[in-house]
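Inspection log for the structure reproduced underneath, given as structure tokens.
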Amino acid sequence: MNLFSSADWQAIWLTLKLAALVSVLLILLGTPLAWWLARSRSRFKHWVAALTALPLVLPPSVLGFYLLLAMGPEGPLGKVGLWFGAGTLAFSFPGLVIASMIYSLPFVVQPIQNAMETLGQRPLEVAATLGAGPIDTFFRVVLPLTRPGFISAAVLGFAHTLGEFGVVLMVGGNIPGVTQVVSVQIYQYVEAINYRQAHLLSASLLIFSLVLITLLYSFNRGGKRQHFSLWRAPRP
Amino acid sequence: MKTASGLLAKLCWQREDFELKLELHCPAEGVSAIYGPSGAGKTTLLRCLAGLENAQQLEVSFNGDCWQSAQQFLPVHKRPLGFIFQEPSLFEHLSVRENLAFAEKRAGTNPPVCSFDQAVALLAIKPLLGRHPAHLSGGEKQRVAIARALLVKPKIIFMDEPLASLDMARKREILDYLEKIKRVLRVPMVYVSHSADEIARLADYLAVLDKGRLLAQGPINSLLSRLDLPIPLGEDAGVIIEAAISDIDTQWHLAKITLSPGQHLWFKDKGFTMGQAVRIRILARDVSVAVQEPVNGSIINVLPGRVVACEAEPHPATQLLKLHVAGYDLLARVTRYSSQQLNITAGQSIWIQIKSVAIAP
């Protein structure tokens, strides 16, 4: 018996692909940003921190609406996309990736930033006096000591991208195999009063997310060195 | 900057209402102590020397190699130095052995200060090698941190109040290790402390810092016996004498050093061997003077000497005398009343009694 239709499987696969790609890209781009936010004494820091945290408080439809405009043929992101020959980004998978990255940015940056702030300056100074250069220090000292923060960031970024709806609908629409993710698929089933399929997908997403978050909590509790709360408010 | 051996620094560092402005010269051997009260700028100075502080007007050179000048800045990780922080700063994610290996792996091409085994033996950390820092006491962590600093092949070691975070017993224990390192390895050290005890035991060269200014710097003996110097030693005023054990009296458990032929100092034998080099500290409050040779007293160390100078003290009741005995300078704290009664003046011959001699072997 096949519980999921082929369209469901396509949506599940697309969702996992999107979430994985967004998490990886956000870790890569979010780490330098988190580093800067944790270390900088720049007067622009508060502005950057606020911008980073903005997706937390903004309705996804608002974010999605402006991203849609930006990614349209007349928008700045759309023009860049056209210039690269990738077409406008709206209603495309790359567009969805970019939108999801912006949407999940605070969930990745803040745990890393918190971990780096907790770490402080001292281990870096010690490493320098032991002859370790900056890159060496980052990989051999900073990364191992802030690992719980990175794991939190990856899991939260992944889980949060799995669950997004408003931004996806605005920016990606509902194109099967391209932008039709699980949450949108569920919405469609509900609209069509197909509650059985809606239940199946919803329950799967619920259980998967729960398992993921439970794993994260148990991991961060098991690590005896540092405890990172899943969420900490951005510092004023 | 002129080429010279040792550590030369010229700095002007400002932060809010604090200014650190001085020229420092630490010799290329032995322990140079930077001494001063809290808030004098000692730690900042040491961090500036190591390159950990972002100071603009700073010139630092070590044995002729420029570390920092207006034109260049050698990053900390490229300087041949070891640094011991006030609180033990081991990497929590690495075991003791891995912490040591971290330093060993990144050591430059300088000649080694000591081998891995030697460092482990010197600081007695062999039983700790497999443990993680979370399972070490404060003193153990600091010992590992010291061994780690040795393994990075430093040409000079900076220590920022390495005993400050420890209790008295641990302090004494780590001091013993530091003395051993000083004796065995002969790597120059710059040692920051506000404790006169630590300085007296370790330092060969002294720089006195107060409110961001250097009050004096020079070899410790000549500096400690100066009267005109506003060194805020207070109760700890005293001098240091280094000599070899010349006799051991097994019946009374006393040991002796000879200051000059016929002039000796006796003190408690702590299991010395003949000829062993010892460093003794004689506090001004333990020295008294007499115009005639004292007889039938309980004090064994009675030596003839001469008054070199008298200096008033912050408290109006006492006076500090600088004395010359058998080629050595001593300080004595006496009341102004006695001084008046005995009519003590500079240049006068006098008998000197030393009540107790503190040993820092």
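Summary table below
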{"quantity": "q = 0.14, 0.16, 0.26, 0.28 Å⁻¹, segment A:32-105: log10 I(q)/I(0) [Debye, one scatterer per Cα]", "calculated": "-0.54, -0.67, -1.06, -1.13"}
{"quantity": "Protection-proxy order for peptides A:181-188, A:37-44, A:124-131, each taking the mean of Cβ atoms within 10 Å per residue, highest first", "calculated": "A:124-131, A:181-188, A:37-44"}
{"quantity": "Scaled radius of gyration (Cα, divided by 2.2 N^0.38 Å) that segment A:1-44 gives", "calculated": "1.98"}
{"quantity": "Residue order, fewest to most surrounding Cβ atoms within 10 angstrom, among A:THR161, A:THR15, B:THR273", "calculated": "B:THR273, A:THR15, A:THR161"}
{"quantity": "Base-10 log of normalised Debye intensity for chain B (one unit scatterer per alpha-carbon) at q = 0.07, 0.09, 0.11, 0.14 Å⁻¹", "calculated": "-0.36, -0.58, -0.83, -1.19"}
{"quantity": "Hydrodynamic radius by Kirkwood, which averages 1/r over all alpha carbon pairs of segment B:314-361, in angstrom", "calculated": "12.2"}
{"quantity": "Relative contact order of segment B:263-361, defined on C-alpha pairs under 8 angstrom at six or more residues apart (%)", "calculated": "42"}
{"quantity": "Longest to shortest principal axis, alpha-carbon extents of segment A:1-142, angstrom", "calculated": "58, 45, 32"}
{"quantity": "Average other protein chain Cβ within 10 Å of Cβ, residues A:129-141", "calculated": "6"}
{"quantity": "Gyration tensor verdict on segment B:132-203 (Cα atoms; rounded if a/c is under 1.5, prolate if a/b is larger than b/c, oblate otherwise)", "calculated": "oblate"}
{"quantity": "Kyte-Doolittle mean at least 0.0 and Cα axial length at least 18 Å: DSSP H helices in chain B", "calculated": "B:138-151"}
{"quantity": "Peptides A:99-105, A:71-77 ordered by average Cβ neighbours within 10 Å, highest first", "calculated": "A:99-105, A:71-77"}
{"quantity": "Calculated [θ] (222 nm, deg cm²/dmol) that DSSP helices of n ≥ 4 give over the protein assembly as shown, each run adding -39,500 (n - 2.57)", "calculated": "-13000 deg cm²/dmol"}
{"quantity": "Cut-off of 10 Å, at most 11 other beta carbons, DSSP loop: longest stretch of chain B lacking such trypsin sites (Lys or Arg not before Pro)", "calculated": "B:3-185"}
{"quantity": "Likely footprinting exposure, B:VAL187, A:VAL57, B:VAL291, fewest C-beta neighbours within 10 Å first", "calculated": "A:VAL57, B:VAL291, B:VAL187"}
{"quantity": "Length added when fully stretched, B:ALA309-B:SER356, from 0.36 nm per residue minus Cα-Cα", "calculated": "14.7 nm"}
{"quantity": "In Å, descending, principal axis extents of the Cα set of segment A:94-223", "calculated": "66, 32, 19"}
{"quantity": "Segment B:245-328, Rg to Rh (Cα coordinates; Rh as Kirkwood inverse mean 1/r)", "calculated": "1.01"}
{"quantity": "Charged-residue dipole, Cβ positions (Lys, Arg, Asp, Glu), segment B:261-361 about Cα centre, Debye nearest 20", "calculated": "220"}
{"quantity": "Largest-first principal axis extents, alpha carbons of segment B:46-196, Å", "calculated": "47, 35, 31"}
{"quantity": "B:PHE267, B:PHE18, B:PHE116, A:PHE107 arranged by Cβ crowding within 10 Å, fewest neighbours leading", "calculated": "B:PHE18, B:PHE116, B:PHE267, A:PHE107"}
{"quantity": "Acute angle (nearest 10 degrees) that the helix A:60-71 long axis makes with the longest principal axis of chain A, alpha-carbon atoms", "calculated": "90"}
{"quantity": "Tail beyond 33 Å, pair distance distribution of the protein assembly as shown (Cα, percent)", "calculated": "60"}
{"quantity": "Average Cα contact separation per residue, chain B, under 8 Å, 6 or more apart, as relative contact order %", "calculated": "16"}
{"quantity": "Label zone at B:LEU254 (point 7 Å along Cα-to-Cβ), backbone N below 12 Å, segment B:284-300", "calculated": "B:297-300"}
{"quantity": "Global form of segment B:3-92, assessed from the alpha-carbon gyration tensor, a/c cut-off 1.5", "calculated": "rounded"}
{"quantity": "Chain B, dipole about Cα centre (Lys/Arg Cβ +1, Asp/Glu Cβ -1), debye to the nearest 20", "calculated": "640"}
{"quantity": "For residues of B:76-83, the mean tally of beta carbons on other chains within 10 Å", "calculated": "5"}
{"quantity": "Dipole magnitude of segment B:14-58, debye to nearest 20 (Cβ charges: Lys/Arg +1, Asp/Glu -1, about Cα centre)", "calculated": "80"}
{"quantity": "Segment B:54-110 and segment B:246-292: distance between their alpha carbon centers, rounded to Å", "calculated": "41"}
{"quantity": "GNM result for chain A, Cα springs below 10 Å: residue of A:LEU18, A:LEU96, A:LEU51 fluctuating most strongly", "calculated": "A:LEU51"}
{"quantity": "Non-local Lys pairs in segment B:202-361, i.e. 8 or more apart or on different chains, that have alpha carbons under 30 Å apart", "calculated": "10"}
{"quantity": "Lys/Arg +1, Asp/Glu -1 at C-beta; chain A dipole; positive extreme among A:THR52, A:GLN10, A:LEU162", "calculated": "A:THR52"}
{"quantity": "Peptide-level mean, for A:8-15, of C-beta atoms on other protein chains within 10 Å", "calculated": "0"}
{"quantity": "P(r) tail fraction, segment B:182-305 - alpha-carbon pairs more than 19 Å apart, %", "calculated": "58"}
{"quantity": "Bridge type composition, segment B:94-219 - antiparallel percent by DSSP, nearest 5", "calculated": "60"}
{"quantity": "Folded to 0 to 90 degrees: helix A:6-39 orientation relative to chain A principal axis, Cα", "calculated": "20"}
{"quantity": "Extreme residue, positive dipole direction of the protein assembly as shown, given options B:LEU178, B:HIS253, B:LEU58 (C-beta unit charges)", "calculated": "B:LEU178"}
{"quantity": "Nearest-ten-degree value, helix A:182-191 long axis tilted from longest Cα axis of chain A", "calculated": "30"}
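Taken together, the values in this text are just the output of simple stated rules run on the coordinates, not laboratory data. Being a predicted model, the structure only gives us computed values, none of them experimental. A quick note on method: Cβ atoms are made from the backbone with ideal geometry, for glycine too, and the neighbour counts reach across all protein chains shown.
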